[in-house]
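Any read-out appearing in this document is the output of simple, stated calculations on the displayed coordinates, not a laboratory observation. Fair warning: this is a prediction, and the values are worked out from it, not measured in the lab. Backbone-built Cβ (ideal geometry, glycine too); neighbour counts: all protein chains shown.
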Amino acid sequence: MQRIVDNFLAVTKESVKTITYETLSNILRLINGLSAVLLSILPGKANILEGIQGWELRPKVRGPRLPRWMENGVSSFNQFVHELSVDFDSLSSSGEHSAEDDVDDYDDAYICPATPLTPNLIFSRATSFAKRERNRRHWLMSIIMFLLIPARIMFGIPFYFCKRIFNKGVRAHTTKHKRVSSANAAKKGIDHVVQRATDRRRGIIEDLHLGIEIVIETIFDVIHHATRCLLSPLESLRMLLRWSSSSSGTRKIDNDDSDAIVPTATLADSDPTPTQKKTNLSNTLNTDSRKCRDVITELGYPYEAINVVTSDGYVLVLERIPRRDSKKAVYLQHGVFDSSMCWVSNGIVGSPAFAAYDHGYDVFLGNFRGLVSREHVNKKLTSRQYWRYSINEHGTQDLPALVEKIHEVKTKELKSSSQLDTSEQPNSDQPYKLCAICHSLGGAAILMYIITRRVENKPHRLSRSIMLSPAGFHHDSPFFFTVIEYVCLWLAPILNPIFPGLYIPTRFFRMIVHKLARDLQNYPAVGGLVQTIMSYLVGGDSSNWVGVMGLPHYNMNDMPGVSFGVARHLAQIKRAKRFVMFDYGSREANMKVYGSPEPMDLGARYNLIDVPIDLVAGMKDKVILPSMIIHHYRLMKDGGVNASYKQFEYAHLDFTFSHREELLEYVMSRLLLVESKHKTLKLKRKEEIMSI
């Protein structure tokens, strides 16, 4: 009778799974199909789906196949559990091998290709029966403990009974390997498995599929145990007695357990505190929460982070790929709604930061204020107070603090390492050359920084600046930005108190946005429709808006935002048709800040720029049109600035988030001009000394 009931429940469970999954899949296929039809109707956008993840506008006729949730012959839940157990086995056993064994097994390893979102990871393919059985009990026991929660509640079994049994099973397994190294290898194995799952993060639809299957498994597991108790009451009673007796025995073992594993620290540890991996919410929800530090170190480059405090109390992070003995440094500054991740997101081959480091530069990555973490020296600072800033603060507060910190660090390191050249001027306080590479809003901030420092008779420390589609002039822009201009200027008194910053405030909604990018890649018609709508909103700019949403720095833990004051400042620049500083709204307020009733016109002071400026425009850029970059160039030429102009067939985000070999070659060639000029000056000084 029990066998008949078990077979009936198994068939019913699989039927419910199939019906549920196929219903959800058909709904998703319908949405994807309607998106494809709508996308094909849009003018000039029908070919956006061709070649994207195998999507076909005219699909071929295929024969019947397994349901989507059983494409690999097993359920996605069972496959998920099996992959975790196999990965854990292969990784935990790696700590017990010698170095020779590791070399011998290297040929059997699986090496994931290096990409911006998937670093190099090595996993053993060895899946022998002995290794799987060694840890399968541990994983199955933890899963059964989770699935039996409703059953324990139903039959009133105390929770600590099952917990004691579970701990006993784990202890019995771990005491077979008494060496501490194997325990540490197991912990590292779990960390790598979690990292692997994070790198291949799931979208909302995948989470929904897995969640539905877990619910179905749990419900039918409860029904199965309930029917077993009803059909075999004596067996259930014996099991209950066995659990109670084992719990009492476990209590005695706990009182005197000489083989218990205690985490210890060695003298070689920099931190004697036992290292235990804490469960992270991002790991549980399977999102990619890596930071710029993780990307740099995973690719084998050195990394350093420096906290910088501005004069108004904002805490900024200056990240670095250090070459401490190098006399040439480069500073990279991101744009709006961005962070330092943009300079390393294309991996080793396509990222400006890695290219500059490989050319011998000491690389510094700046981060503007404007993260949802809201780092400030005043911990009681409210959200409204934190987001009260404009582009003025980027150029007059953030950049001076960041550049002066670079100067302090480089000067100290070069002097301590005796790298100063005796042929240099004895009164020179800058024994290095610093170039700046900036994008979009970062370009406007750099220009403001140079001009305001010259007005204040303070050194700006820069030797050259390369500006990729810099902001500053926006009177020639798409209709969408004109709408934003009127909204920001007319409704500023209403919107500023309500929306001090444009960001996603809660972790839940940030997680939804981050995971949504994964779904848009899995369903290319929907992703193409979103991409097309975004392109229309910004006047036809073809940047990869969907792909940028999936980058690690747009995650649930932290995400770049922008102050409403920055948006209002850009609207003022567009309305004035001049590159001006922020207008505080009254003559008295402007007099107090600038000493004049009108804000400073930066474009009219381009003659103060005393360093070469390289302007780069994108012919497909509809966010900042090439005509606006040309306007920068003409004003600089009229002011006597050593400026150059170059244009590429790029959209706005292609300068940072796309692998463009010709752009990297151009940027590196402009940086080398500073080095060649420096060498020429040194030769002239040597000739003067020799002539004397």
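General remarks:
- Along its principal axes, segment 426-572 has C-alpha extents of 63, 37, 31 angstrom, given from the largest down.
- Taking each residue as 0.36 nm, the span from I306 to F499 lengthens on full extension beyond its C-alpha to C-alpha distance by 66.4 nm.
- Over 20 Å between alpha carbons, listed pairs K622/K646; K327/K415; K577/K620; K13/K515; K433/K637: K577/K620; K13/K515; K433/K637
- Remark on I437: its backbone amide H falls under 5 Å from those of Y331, L332, Q333, I466, a criterion applied only to residues 5 or more positions apart or on other chains, H modelled at 1.01 Å from N.
- Rough spin-label spacing in nm, given labels placed 7 Å along Cα→Cβ, for M619 and V455: 3.8 nm
- Residue order, fewest to most surrounding Cβ atoms within 10 angstrom, among F337, F657: F337, F657
- Taking a ≥ b ≥ c as the square roots of the eigenvalues of the alpha carbon gyration tensor, segment 285-367 is oblate, as a/c is not under 1.5 and a/b does not beat b/c.
- Cα→Cβ-extended label distance, 7 Å offset, between V487 and L234, nm: 7.5 nm
- Using R0 = 30 Å, the C-beta based FRET efficiency linking T382 and L208 works out to 0.25.
- In terms of other Cβ atoms within 10 Å, M668, M1, M559 run from fewest to most in the order M1, M668, M559.
- Placing a pseudo-label 7 Å from each Cα along the Cα-to-Cβ vector at R587 and T23 gives an inter-label distance of 7.1 nm.
- Available extension along the chain between N544 and K415 is 42.0 nm, counting 0.36 nm per residue and deducting the alpha carbon span.
- Backbone geometry of segment 365-371 corresponds, through the Karplus equation with coefficients 6.51, -1.76 and 1.60 at θ = phi - 60°, to 3J(HN,Hα) couplings of 10, x, 10, 5, 5, x, 10 Hz, x marking Gly and Pro.
- Peptide ranges 455-461, 347-353, 408-414 listed from the most packed, as the mean C-beta count within 10 angstrom indicates: 347-353, 408-414, 455-461
- Legend: ranking of residues E649, E213 from fewest to most surrounding C-beta atoms inside 10 Å; resulting order E649, E213.
- Length gained on full extension, H475 to E598, computed as 0.36 nm times the residue gap minus the Cα-Cα distance: 42.4 nm.
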